[in-house]
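Participant: What follows is a structure written as structure tokens; I'll ask about it next.
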Amino acid sequence: MAEKKVVVFGLDCATPQLVFDKWSKDLPHLSSLMERGISGPMQSCIPPITIPAWSCMMTSKNPGKLGCYGFRNRSDYSYNGLTFATAKAVKEATVWDLLARHDKKVVLLGIPQTYPPRPVSGIMVSCFLTPDTSSQYTYPPDLKQEIAAQVGEYLLDVDHFRTEDKQRLLDQIYEMTEKRFKLFSWFLEHKPWDFAMLVEMGIDRIHHGFWKYMDTSHPKYEPGNPYEHAIKDYYRFVDSKIGAILSRIDSSTAVLVVSDHGAQTMRGGVCINEWLIREGYLSITDKPPGVVPLHKATIDWKQTKAWGEGGYYSRLFLNVEGREPQGIISRKDYEKVRTELKEKLEALGDEQGNSIGTRVIKPEEVYPEINGVPPDLIVYFGNLAWRSVGSIGLNTIHTFENDTGPDDANHAEKGIFILCDPGTPADNAHTFRSGLSLYDVAPTVLSILGIPIPPDMEGKVIQ
Amino acid sequence: MQSTNAIIILLHSPAEADKQVLEILRQELQNRGVQEICLIAEENQQANSSAEQRAAAIIKGIEEKNLIPSGLQEEEVYTEEEAEKIKKRLEDLGYL
């Protein structure tokens, strides 16, 4: 009997309300997998962001354990010591490390936080954190030539994402996806593998770029707009690409389709640093004219208690005496100030003062172990329906124009999980589950392949 | 990198009997309660391969299993120009 294999289709940002509810009948291949297997919404990590989420999924370890809280992390308590979360930051064993220790072969394509690529037991094409394709983005290095021969110029990601030229963006998303799936298909046919995984970023990009055209509840939705069906058409395109690959691989292969987080309408942005200035926590002595990132202003650290980072969620840092170079919050007041900020931010409503359900998280409440330098507070404005705007100079707390260009969607805490394993007991086929977690993916893969599951993995085997 | 209970480096010939040694060792150590065992085997298939070549093959096997720390530190991944490019890309994508 042939050795068991697992193939994983990672669809960054694929969201349950579209895959399981709204469009399930329009996605025949995903629906077929659901009918024959186990599926359901899958809880992401905190925060539900591409990095660290894919690494959390592939190690079954939380961000605190990984010491990785976002795309950039403080390397120390200085004010400008932010480093990128590259592959070097992942110190825990990934699924492919564990498989290599059992002589299994892997094909890995586009998994976030895998740049720079390092040796694996098989092949690896790293992710969009690669500067460009002139960089060494594959393992083994000469794989680059094979990629060029198969797809020409490989697209690591879309360029100039913040654009009003939507047709160009749409065309580029399709081209990127077409090439990625073509390459994946070619690898599956021509390389030895026991575990193969692709992460396609196109769904995330199309959500952020086109959500307002699709979601009738979006404040900027216009009926009859030319891109009303752009996201649906693209989901169908991805579904067809998955179907084409499935038709060419052994039917005994276990198939997983997973996403790192979901998506939702972005209602607006909360200008975190403007708010901190207004509330007296952040003091600026000199600021260039216009809207500028915080780091371009001169901060009076001796009068500053806190500052924040922008993004799909906010990270708040406190200026603590004896910790930060010019810290002013004494150790004994640290908890008092942190709790005060948490309560104020949770009470901050929309532009009319209505509650938006902001969640403010203290890292130690959600991470059993904390490594590296975590934020002092993690803020989900409007439970992620509002973005965190880090720039200053907007002269408002609420904004409906993003500081870095158009963006229609924010992340949501639940992604998708679909497992179709021919080895699953028939009773478990077509079961829609709750309680699925991103941490369950790695132990499930190891279990299917018959590899011992390290006891410190945080997830459970789904079967 | 994750700690491993046992790493065994074995130089052996392509003979089937030698390959079985690996599996016997794995089984024996598991029976004795060693949780995770990594066998790094290197076949001396080429009579003219040098000691350096054989050592490099073993190092490659260890690296593929992520058993030793990588050489570069995190901050050394990008040049200054590359770091600026990545920062702009992440801002463009809305992550920062």
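The values are calculated or read from the model by the stated rules, or taken from the named source; none is laboratory data. Not measured: the values here are computed from a predicted model. With ideal geometry, Cβ positions are generated from the backbone for all residues, glycine too; neighbour counts draw on all protein chains shown.
Participant: Please go through region A:204-218 and pick out each residue that is farther than 8 Å from A:Ala263 by Cβ and away from chain B (no Cβ under 11 Å).
Facilitator: Within region A:204-218, A:Ile206, A:Phe210, A:Lys212, A:Tyr213, A:Met214, A:Asp215, A:Thr216, A:Ser217, A:His218 meet the criteria.
Participant: Report, by residue number, each residue of region A:112-150 that is in contact with a Lys or Arg (Cβ under 7 Å, 6 or more places away or on another chain) and among the β-branched types (Val, Ile, Thr).
Facilitator: Of everything in region A:112-150, those that are in contact with a Lys or Arg (Cβ under 7 Å, 6 or more places away or on another chain) and among the β-branched types (Val, Ile, Thr) turn out to be A:Ile123, A:Thr138.
Participant: Another one. Residues of region A:422-449 being within 22 Å of A:Ile249 (Cα to Cα) and at pLDDT below 95, which ones? Full working, then the answer.
Facilitator: Going through region A:422-449, the residues within 22 Å of A:Ile249 (Cα to Cα) turn out to be A:422-426, A:429-430, A:441-442, A:444-449.
Correct list: A:Pro422, A:Gly423, A:Thr424, A:Pro425, A:Ala426, A:Ala429, A:His430.
Participant: With A:Asp440, A:Asp408 as the choices, which residue is in contact with a Gly (Cβ under 9 Å, 6 or more places away or on another chain) and within 14 Å of another protein chain (Cβ to nearest Cβ)? Walk me through it before giving the result.
Facilitator: Numbers: A:Asp440 fails: within 14 Å of another protein chain (Cβ to nearest Cβ).
Being in contact with a Gly (Cβ under 9 Å, 6 or more places away or on another chain) and within 14 Å of another protein chain (Cβ to nearest Cβ) holds for just one of A:Asp440, A:Asp408, which is A:Asp408.
Participant: I'd like the full set of residues that are within 12 Å of chain B (Cβ to nearest Cβ), part of a loop (DSSP other than H, G, I, E, B), farther than 22 Å from A:His208 by Cα and not hydroxyl-bearing (Ser, Thr, Tyr), limited to region A:38-79.
Facilitator: A:Lys61, A:Gly67, A:Cys68, A:Asp76
Participant: Could you check region A:304-344 and list, in sequence order, the residues that are without any contact (Cβ under 8 Å) to a residue 60 or more places away in the chain and assigned to a helix (DSSP H, G or I)?
Facilitator: Hits for region A:304-344 are A:Arg331, A:Lys332, A:Asp333, A:Tyr334, A:Glu335, A:Lys336, A:Val337, A:Arg338, A:Thr339, A:Glu340, A:Lys342, A:Glu343.
Participant: Looking only at region A:413-435, count every residue that is over 20 Å from A:Gly64 (Cα atoms) and either within 14 Å of another protein chain (Cβ to nearest Cβ) or in a strand (DSSP E or B) (or both) and tell me the total.
Facilitator: Our first condition is that a residue be over 20 Å from A:Gly64 (Cα atoms); within region A:413-435, this holds for A:415-435.
Now narrow it down to the ones that are either within 14 Å of another protein chain (Cβ to nearest Cβ) or in a strand (DSSP E or B) (or both): A:415-420, A:431-432.
Here the count works out to 8.
Participant: Just a yes or no: is a residue in region A:55-64 out of contact with any helix residue (DSSP H, G or I) (no Cβ under 7 Å at 6 or more places or on another chain) and either within 20 Å of A:Val107 (Cα to Cα) or surrounded by 24 or more Cβ atoms within 10 Å (Cβ to Cβ) (or both)?
Facilitator: yes
Participant: Still on this structure, I have one more. Return only the number of the condition from (1) part of a loop (DSSP other than H, G, I, E, B); (2) closer than 30 Å to A:Lys104 by Cα; (3) within 11 Å of the chain's Cα centre (by Cα) that A:Glu3 does not satisfy.
Facilitator: Looking at each condition in turn, A:Glu3 falls short on (3).
Participant: Being at pLDDT below 95 and among the aliphatic types (A, V, I, L, M) is the requirement here; does A:Val258 meet it? First the steps, then the outcome.
Facilitator: Numbers: at pLDDT below 95: no; among the aliphatic types (A, V, I, L, M): yes.
Here the answer is no, as A:Val258 does not meet what is asked.
Participant: So which of A:Glu346, A:Glu309 ends up being more than 14 Å from chain B (Cβ to nearest Cβ) and either within 30 Å of A:Asp456 (Cβ to Cβ) or surrounded by 14 or more Cβ atoms within 10 Å (Cβ to Cβ) (or both)? If you could, list the steps in order and put the result at the bottom.
Facilitator: Details: A:Glu309 fails: more than 14 Å from chain B (Cβ to nearest Cβ).
Answer to the check: A:Glu346.
Participant: Got a number for residues in region A:71-114 being at positive phi and modelled with pLDDT of 95 or more? Talk me through it step by step, then tell me what you get.
Facilitator: Just the residues of region A:71-114 that are at positive phi, to begin with: A:103, A:110, A:113.
Now restrict to residues that are modelled with pLDDT of 95 or more: A:110, A:113.
Total meeting the criteria: 2.
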